[in-house]
1. Which residues, taken from the range 110-147, are in a helix (DSSP H, G or I) and hydrophobic (A, V, I, L, M, F, W, C)?
2. How do the pairs read when you match residues in the range 170-195 that are more than 16 Å from residue 235 (Cα to Cα) with residues anywhere that are among the small types (Gly, Ala, Ser) and assigned to a helix (DSSP H, G or I), using Cβ under 9 Å and keeping only pairs 6 or more apart or on different chains?
3. Given the conditions (1) hydroxyl-bearing (Ser, Thr, Tyr); (2) free of Cβ contacts under 8 Å to residues at least 12 places away in the same chain; (3) open to solvent by less than 60 Å² (accessible area, probe 1.4 Å), and given that residue 6 satisfies all but one, which numbered condition is not satisfied?
4. Report, by residue number, each residue of the range 9-46 that is touching a residue at least 40 places away in the same chain (Cβ under 8 Å), away from the ligand (no atom under 11 Å from the Cβ) and farther than 21 Å from residue 382 by Cβ.
5. Look through 129, 125 and report the one residue that is closer than 19 Å to residue 234 by Cα, within 16 Å of the ligand (Cβ to nearest atom), hydroxyl-bearing (Ser, Thr, Tyr) and in contact with a strand residue (DSSP E or B) (Cβ under 6 Å, 6 or more places away or on another chain).
6. With respect to residue 277, is the statement that it is part of a helix (DSSP H, G or I) and at pLDDT 95 or above true?
7. Of all residues in the range 167-199, count the ones that are surrounded by fewer than 19 Cβ atoms within 10 Å (Cβ to Cβ) and in contact with a His (Cβ under 7 Å, 6 or more places away or on another chain).
8. Looking at (1) β-branched (Val, Ile, Thr); (2) at pLDDT below 95; (3) surrounded by 17 or more Cβ atoms within 10 Å (Cβ to Cβ), which is the only condition residue 12 fails?
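The values are calculated or read from the model by the stated rules, or taken from the named source; none is laboratory data. What you see is a predicted model; the values in this text were computed from it and never measured. Because the Cβ atoms are built from the backbone with ideal geometry, glycine has one as well, and the counts that use them run over all protein chains shown. Areas reflect the complete protein model, heavy atoms only, side chains present, ligands, DNA and RNA absent. Shrake-Rupley method; radii C 1.70, N 1.55, O 1.52, S 1.80 Å.
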Amino acid sequence: MSLQLSQAAQTVSPSFTFALNAKANALKAEGKDIINLTIGEPDFDTPPHIKAAAIKAIQDGKTKYTAIDGISSLKEAIIEKFERDNRLSYQKNQILVSCGGKQAIYNYCRAILNPGDEVIIPAPYWVSYPEIVKLTGAIPVIIPTSIEQHYKMTPEQLATAISSKTKLIIINSPSNPSGMIYTTEELKKLAEILLSHPDVLIMLDDMYESIVWNHTPFNNMLMVCPELTDRTIITHGVSKTYAMTGWRIGYAAGPASIIQAMTNMQSQSTANPCSISQHAAEAALRGDQTCVREMVAAFKERHDILIPLLKTIPEISIMPSDGTFYTFPDFSSVIASHGFKNDLDLASFLLEKAEVAIIPGSAFGVKGALRLSFATHQKNLINAADRLCEALR
Ligand code: GLU
């Protein structure tokens with residue numbers, strides 16, 4: 001039998017972040033002294049009060065199916081979070097709890113996109129956006145940005161990218177991978193363009209909302225332009241804020257009709273997210289937020305150590321991050337002067353020669369850059385910077 005995979009399976013790429021993380025871990029297992037700056041995942045343990053809530057949930061027998069869209073008390077905690085942090089009001093039928101932020105995004109795209117629809121994605125973008133869009137048959141329309149413009153799309157670029165086929169725009173601020181945050185003024189200007197295109201739906205991926213140190217307090221586009229409420233879905237999750245990546249709890253908030261369609265998609269794929277994780281997520285959202293402040297302080301400290309060290313590498317261009325635990329320096333001049341073929345070639349060289357694992361910018365739609373995750377111990381960051389300097393000397 002000759003196996004013919006589906007067209008979707010033939011076109012989708014595996015997640016670059018996970019693939020390179022696996023490669024780095026495999027090399028480590030072989031005994032290589034790899035410093036792994038690939039995957040974006042807090043290195044802190046999940047705080048004890050969150051784990052305790054999960055243990056209690058198991059002991060209390062909360063181990064059965066739940067409502068597809070999540071337990072009622074978690075939805076209430078999510079609604080309270082939006083009221084507390086964003087001054088946004090939602091009802092329970094406007095909230096969906098998913099298996100990670102990624103599933104919320106997938107469900108949204110599945111719920112609204114048809115083949116041939118266009119989806120505007122500013123680059124650099126998180127690796128999974130274009131792939132998820134392509135799985136629906138829709139077409140990613142990439143807006144390129146550069147480090148000179150702080151990796152921010154301009155209102156002019158947005159206006160030019162919108163066509164009669166545009167169905168959705170994805171905005172991720174704070175941004176994975178660049179670490180930039182749109183200011184309130186910038187969001188207002190982008191929102192003005194969207195107001196003149198009433199058929200374009202919006203996704204705000206606020207996954208990194210809590211990990212910020214510039215442009216605080218955090219603002220998203222809905223907070224500065226509530227007129228966009230009836231066509232905006234916010235996707236979010238507890239993974240990054242509470243060091244809960246493995247628990248797989250994300251959520252989405254927005255118009256009830258879209259949330260219902262997303263819930264239907266979920267009911268025919270995974271059904272409910274893990275019952276135990278849902279109780280843990282509720283404890284995270286309702287509990288003392290000191291753990292979040294402590295982790296953010298640590299990320300900022302690491303950022304402040306790493307960026308000056310990277311700046312000493314000749315020919316790299318780097319901007320400080322406003323938040324997240326990523327930096328996305330431009331290595332184009334390094335690539336050109338050292339005769340590397342491209343960012344992939346450079347990342348392979350650095351893995352081999354410096355034993356530092358980094359994700360090439362191409363994975364995020366920017367050739368010539370590299371993404372470094374600084375969600376790791378300071379000692380690793382100092383060593384990694386030393387090794388990169390040495391390898392590129
Ligand atoms: N979002 C994280 C990253 O960018 C986790 C991996 C993934 O889902 O791509 O590294």
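1. Step one: list which residues in the range 110-147 are in a helix (DSSP H, G or I), which gives 110-112, 128-135, 147.
Scanning the range 110-147 gives 111, 112, 132, 133, 135, 147.
2. 177/361; 177/363; 193/159
3. (3)
4. Scanning the range 9-46 gives 11, 12, 13, 23, 45, 46.
5. Details: 125 fails: in contact with a strand residue (DSSP E or B) (Cβ under 6 Å, 6 or more places away or on another chain).
Answer to the check: 129.
6. On the way: part of a helix (DSSP H, G or I): yes; at pLDDT 95 or above: yes.
The answer is yes for residue 277.
7. The total comes to 1.
8. Failing condition for residue 12: (3).
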